[in-house]
Amino acid sequence: MTSKMSPEGKKLFNIIILGFGFMFMFTAFQTCGNIEQTVIKSFNSTEFRGSGYTSMAIIYGVFAASSLIAPSVVTVIGPHLSMFFSGLLYSAYIAVFIYPYTWSFYTASVLVGMGAAVLWTAQGNVLAINSTDSTIGRNSGIFWALLQFSLFFGNLYVYCAWHGHDHITDKDRRTVFISLTVISLVGCFLFFLIRKPNSESSTSDSTEPLLPDESSDSSTGSSPHLGICSQALDAFVKACKVFVTKEMLLLSFSIGYTGLELTFYSGVYGTCIGAMTSFGQDAKSLIGVSGICIGIGEILGGSMFGLLNKNNRFGRNPVVLLGLIIHFVAFYLIFLNIASDAPLAPEEGTDLHAFITPSIGVALFCSLLLGLGDSCFNTQLLSIVGFAFRDNSAPAFAILKLIQSIMAAVAFYYSNYLLLHWQLLILVLVGFLGTVTFFMAESLARSNRRESDYDSI
């Protein structure tokens with residue numbers, strides 16, 4: 001079917017398939033992350049001693065450690081197989097909850113951390129080689145909007161399955177996680193529908209592919225084994241060089257902020273809502289509704305700042321500033337509405353109140369704001385990284401995920417110990433710093449692009 005498409009049509013088709021593949025996979029995984037701490041608290045087995053927060057800290061810690069070698073893996077086996085095999089590791093992690101054991105839970109956490117580094121590096125490469133300077137903003141938005149539909153569908157299922165349940169039984173858990181595992185596997189196989197863009201469609205402003213041409217390999221006269229090792233080493237060296245560029249060092253603060261707030265909206269906030277006894281016996285099912293609201297916010301943001309980004313007249317800075325303001329409003333309302341001990345409350349929940357009478361409406365509105373603000377940051381980070389590092393897309397996206405995953409791991413670790421108001425304070429301080437440095441990085445990237453364009457004349 002793609003053979004009859006124009007080169008640009010084929011690239012857009014690839015972006016859409018990429019988005020749908022991630023949508024299925026993360027319908028399963030993000031829903032799993034959103035509910036796992038609540039599920040673990042309700043386990044009937046006394047042999048299980050795992051913690052959802054600790055598991056996510058392991059995932060993002062291993063993710064970070066694996067990010068620098070991920071470009072080498074993608075170089076050797078290609079982005080399609082990289083995403084497929086990484087997706088299988090995600091599916092295995094979700095399947096662990098069907099019959100959970102502490103050892104398998106933490107082993108799967110390590111494996112999915114390794115798979116995540118490869119998955120997101122390959123995703124960034126596919127996004128970059130199917131985009132140009134003029135389409136990177138649009139394609140980032142399309143991908144982000146499709147990805148965030150995962151929050152809507154998965155959490156809608158959780159809400160319907162758990163509505164009216166104040167305790168999650170073993171049967172409830174197995175039904176949900178068997179379904180999520182199958183959904184994740186569907187996403188894995190969708191990646192095989194992505195086709196290589198036509199080489200003749202490459203324009204002067206298009207991104208360079210991660211994989212070198214076969215003809216260049218054959219001209220070296222070296223053995224295939226040495227050629228693969230050379231490619232892998234070259235990808236690693238490129239990643240290290242990208243890491244120390246001025247643009248990436250500046251962006252590291254805003255990337256780090258997205259790691260912190262990813263932890264908060266995907267793991268901590270849902271747990272807080274489920275722990276509020278003042279929300280009634282439906283508090284557990286409200287975790288699913290909260291995830292739906294986050295997803296709606298993400299989809300709205302991806303649509304507004306990506307799909308409608310046909311011209312770049314105002315640049316990326318106003319969108320990031322809007323995201324910061326939206327998040328600050330959300331953090332303030334959460335501070336007023338949710339009890340400070342909610343992240344650490346036992347399965348029975350907390351009877352404490354914050355500064356206002358707890359409101360389900362306010363809690364869900366904050367979920368919407370968290371998703372909308374997150375999409376502001378992430379769509380613009382995808383766009384600026386693809387713009388500033390168009391010739392080194394895979395290493396650049398690997399570094400993005402390295403920084404993001406380090407901060408997410410840190411946040412999941414301290415979520416085991418810090419009360420809610422301290423977590424919110426950290427988010428406010430890092431968010432402000434990340435926004436200021438994003439403005440600096442945007443200015444530097446545009447300045448460097450103008451200089452390179454002049455040099456090429």
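Structure notes:
- Efficiency of FRET between ASN317 and ASP391 - r from beta-carbon atoms, R0 25 angstrom, step 0.05: 0.60
- Förster-model FRET efficiency, 22 Å R0, ARG446 and LYS246, C-beta, rounded to 0.05: 0.95
- Solvent-accessible area of TRP422 with every protein chain in place, 1.4 Å probe, in Å² to the nearest 10: 130
- FRET efficiency for the pair GLU8 and ASP234, taken as 1/(1 + (r/R0)^6) with r the Cβ-Cβ distance and R0 = 45 Å, rounds to 0.90.
- Take CYS240: with every protein chain present and a 1.4 Å probe, its accessible area is about 50 Å².
- Convex hull volume per residue in cubic angstrom - Cα atoms of region 278-412: 124
- Across the protein chains, with a 1.4 Å probe defining accessible surface, the residues THR379, THR277 rank THR277, THR379 from largest area downward.
- Binned Cα-Cα distances of region 345-384, short to long, each 5 Å bin given as a whole percent: 6, 17, 15, 17, 16, 10, 9, 7, 3
- Solvent-accessible area per residue, Å², over region 48-180 with all protein chains present [probe radius 1.4 Å]: 33
- Shown for region 1-148 is the translational diffusion coefficient from the Stokes-Einstein equation, using the Kirkwood radius over Cα pairs, a temperature of 4 °C and a viscosity of 1.567 mPa s: 78 µm²/s.
- Cα-projected label distance for LEU425 with ILE178, points at 7 Å along beta-carbon direction, nm: 4.8
- Karplus-derived HN-Hα couplings along region 422-430 (A = 6.51, B = -1.76, C = 1.60, θ = phi - 60°), whole Hz, x at Gly and Pro: 6, 5, 5, 5, 4, 4, 5, 5, 5
- Global geometry of region 64-161, whether rounded, prolate or oblate, following the gyration tensor of its Cα atoms and the 1.5 cut on a/c: oblate
- Backbone amide hydrogens, once placed in the peptide plane, bring ALA354 within less than 5 Å of ALA339, excluding anything fewer than 5 places away on its chain.
The values are calculated or read from the model by the stated rules, or taken from the named source; none is laboratory data. Being a predicted model, the structure only gives us computed values, none of them experimental. All Cβ positions, even for glycine, are placed from backbone atoms using ideal geometry, and neighbour counts span all protein chains on display. Remember, those area values only see protein heavy atoms, side chains included, never the ligands or the DNA or RNA. Shrake-Rupley method; radii C 1.70, N 1.55, O 1.52, S 1.80 Å.
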